[in-house]
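Worksheet for the structure shown next.
The values are calculated or read from the model by the stated rules, or taken from the named source; none is laboratory data. All of these numbers come straight from a predicted model, not from anything done at the bench. Positions of Cβ are backbone-derived with ideal geometry, glycine not excepted, and every protein chain shown enters the neighbour counts.
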Amino acid sequence: MTRKKRRTGRLRHVCVVEKDTSDESAVTPTWGNFKRRVPCNVQDLEGDESTARSRQAEATVTSLVTMRHLPGLRPTMRLLFLNRSPVRTLYIRRILRDGYGHDMTVECGENPDAR
(Lines give C-alpha, C1' and ligand atoms only; values in the text may rest on other atoms or scores of the structure.)
Protein backbone atom coordinates (compact mmCIF):
# COMPACT_ATOMS: atom_id res chain seq x y z
CA MET A 1 0.00 0.00 0.00
CA THR A 2 1.42 3.36 -0.98
CA ARG A 3 0.75 6.32 1.22
CA LYS A 4 0.08 9.74 -0.19
CA LYS A 5 3.05 12.01 0.39
CA ARG A 6 2.14 14.83 2.75
CA ARG A 7 3.46 18.24 1.76
CA THR A 8 5.29 20.08 4.52
CA GLY A 9 6.90 23.45 4.65
CA ARG A 10 5.79 26.96 3.86
CA LEU A 11 3.88 26.19 0.63
CA ARG A 12 1.94 23.09 1.59
CA HIS A 13 -1.20 23.50 -0.53
CA VAL A 14 -1.51 22.96 -4.29
CA CYS A 15 -3.88 24.90 -6.55
CA VAL A 16 -4.82 25.21 -10.20
CA VAL A 17 -4.92 28.73 -11.67
CA GLU A 18 -7.67 29.19 -14.25
CA LYS A 19 -8.37 32.06 -16.64
CA ASP A 20 -11.65 33.15 -18.21
CA THR A 21 -11.69 31.86 -21.80
CA SER A 22 -15.25 32.89 -22.71
CA ASP A 23 -15.96 35.44 -25.41
CA GLU A 24 -17.64 38.79 -24.71
CA SER A 25 -21.14 37.60 -25.67
CA ALA A 26 -21.15 34.63 -23.27
CA VAL A 27 -23.67 34.75 -20.43
CA THR A 28 -21.75 32.36 -18.18
CA PRO A 29 -17.96 32.30 -18.12
CA THR A 30 -15.95 29.31 -19.29
CA TRP A 31 -12.65 28.60 -17.58
CA GLY A 32 -9.43 27.10 -18.91
CA ASN A 33 -6.18 26.13 -17.19
CA PHE A 34 -3.51 28.82 -16.92
CA LYS A 35 -1.11 26.94 -14.61
CA ARG A 36 -1.47 23.57 -12.88
CA ARG A 37 0.05 22.31 -9.63
CA VAL A 38 1.03 25.67 -8.14
CA PRO A 39 2.47 25.32 -4.61
CA CYS A 40 0.90 27.85 -2.23
CA ASN A 41 -0.21 28.53 1.32
CA VAL A 42 -3.80 29.48 2.16
CA GLN A 43 -4.57 31.60 5.21
CA ASP A 44 -8.27 32.04 5.95
CA LEU A 45 -9.06 35.38 7.58
CA GLU A 46 -11.11 35.66 10.73
CA GLY A 47 -14.20 37.85 10.94
CA ASP A 48 -12.65 41.11 12.20
CA GLU A 49 -9.57 40.84 10.00
CA SER A 50 -11.71 39.98 6.95
CA THR A 51 -14.00 42.95 7.61
CA ALA A 52 -11.08 45.36 8.02
CA ARG A 53 -9.43 44.15 4.81
CA SER A 54 -12.74 44.28 2.91
CA ARG A 55 -13.06 47.98 3.67
CA GLN A 56 -9.64 48.55 2.14
CA ALA A 57 -10.13 46.34 -0.92
CA GLU A 58 -13.83 47.26 -1.46
CA ALA A 59 -14.67 43.58 -1.86
CA THR A 60 -14.95 40.82 0.69
CA VAL A 61 -11.56 39.17 1.08
CA THR A 62 -11.86 35.82 2.83
CA SER A 63 -8.39 34.34 2.22
CA LEU A 64 -4.78 35.27 1.62
CA VAL A 65 -2.85 32.93 -0.68
CA THR A 66 0.96 33.10 -0.70
CA MET A 67 2.82 31.64 -3.69
CA ARG A 68 6.01 32.06 -5.62
CA HIS A 69 6.06 34.73 -8.31
CA LEU A 70 3.82 33.63 -11.20
CA PRO A 71 4.22 35.79 -14.34
CA GLY A 72 0.93 36.59 -16.05
CA LEU A 73 -1.31 36.21 -12.98
CA ARG A 74 -4.25 38.64 -13.21
CA PRO A 75 -7.16 39.66 -10.93
CA THR A 76 -9.59 38.20 -13.49
CA MET A 77 -8.41 34.65 -12.74
CA ARG A 78 -9.43 32.14 -10.08
CA LEU A 79 -7.76 29.47 -7.94
CA LEU A 80 -9.09 25.92 -7.58
CA PHE A 81 -8.15 23.60 -4.73
CA LEU A 82 -9.00 20.13 -6.03
CA ASN A 83 -7.82 18.12 -3.02
CA ARG A 84 -10.79 19.31 -0.97
CA SER A 85 -14.29 17.94 -1.03
CA PRO A 86 -16.16 19.91 -2.27
CA VAL A 87 -13.70 21.68 -4.54
CA ARG A 88 -12.86 25.13 -3.17
CA THR A 89 -12.85 28.04 -5.61
CA LEU A 90 -11.26 31.39 -4.73
CA TYR A 91 -11.61 34.42 -7.01
CA ILE A 92 -8.62 36.77 -7.09
CA ARG A 93 -9.31 40.30 -5.82
CA ARG A 94 -5.84 41.83 -5.66
CA ILE A 95 -2.23 40.73 -6.17
CA LEU A 96 0.54 42.03 -3.90
CA ARG A 97 4.10 41.37 -5.05
CA ASP A 98 7.13 41.55 -2.80
CA GLY A 99 9.90 43.95 -3.75
CA TYR A 100 12.27 41.19 -4.81
CA GLY A 101 10.08 39.30 -7.28
CA HIS A 102 10.21 36.05 -5.31
CA ASP A 103 6.81 35.75 -3.66
CA MET A 104 3.35 37.20 -4.07
CA THR A 105 0.33 37.44 -1.81
CA VAL A 106 -3.05 37.10 -3.49
CA GLU A 107 -6.15 38.46 -1.78
CA CYS A 108 -9.10 36.20 -2.66
CA GLY A 109 -12.82 35.91 -2.04
CA GLU A 110 -15.31 33.13 -2.55
CA ASN A 111 -17.99 35.26 -4.25
CA PRO A 112 -17.33 35.79 -7.99
CA ASP A 113 -19.72 38.77 -8.24
CA ALA A 114 -17.92 41.01 -5.72
CA ARG A 115 -15.08 41.99 -8.04
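At-a-glance table
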{"read-out": "First in region 12-32 and in contact (Cβ under 8 Å) with a residue 12 or more places away in the chain and of a type in the set (D, E, K, R), second anywhere and surrounded by 15 or more Cβ atoms within 10 Å (Cβ to Cβ) and part of a loop (DSSP other than H, G, I, E, B), Cβ under 7 Å, 6 or more apart", "value": "18/77; 19/77"}
{"read-out": "When residues of region 50-75 are limited to those that are at pLDDT 90 or above and not in a loop (DSSP other than H, G, I, E, B), the one farthest from the chain's Cα centre (by Cα)", "value": "68"}
{"read-out": "Test: residue in region 7-26 that is in contact with a His (Cβ under 8 Å, 6 or more places away or on another chain), surrounded by fewer than 15 Cβ atoms within 10 Å (Cβ to Cβ) and modelled with pLDDT under 90", "value": "yes"}
{"read-out": "Every pair of residues 6+ apart whose Cβ atoms lie under 6 Å, when the first sits in region 59-82 and is farther than 13 Å from residue 33 by Cα and free of Cβ contacts under 8 Å to residues at least 40 places away in the same chain while the second is assigned to a loop (DSSP other than H, G, I, E, B) and of a type in the set (Gly, Ala, Ser)", "value": "69/101"}
{"read-out": "Selection from region 86-105 of residues that are closer than 18 Å to residue 43 by Cα and hydroxyl-bearing (Ser, Thr, Tyr)", "value": "89, 91, 105"}
{"read-out": "Members of region 76-92 that are of a type in the set (D, E, K, R) and either within 9 Å of the chain's Cα centre (by Cα) or modelled with pLDDT of 85 or more (or both)", "value": "78, 88"}
{"read-out": "All positions within region 76-89 that are assigned to a strand (DSSP E or B) and polar (S, T, N, Q)", "value": "89"}
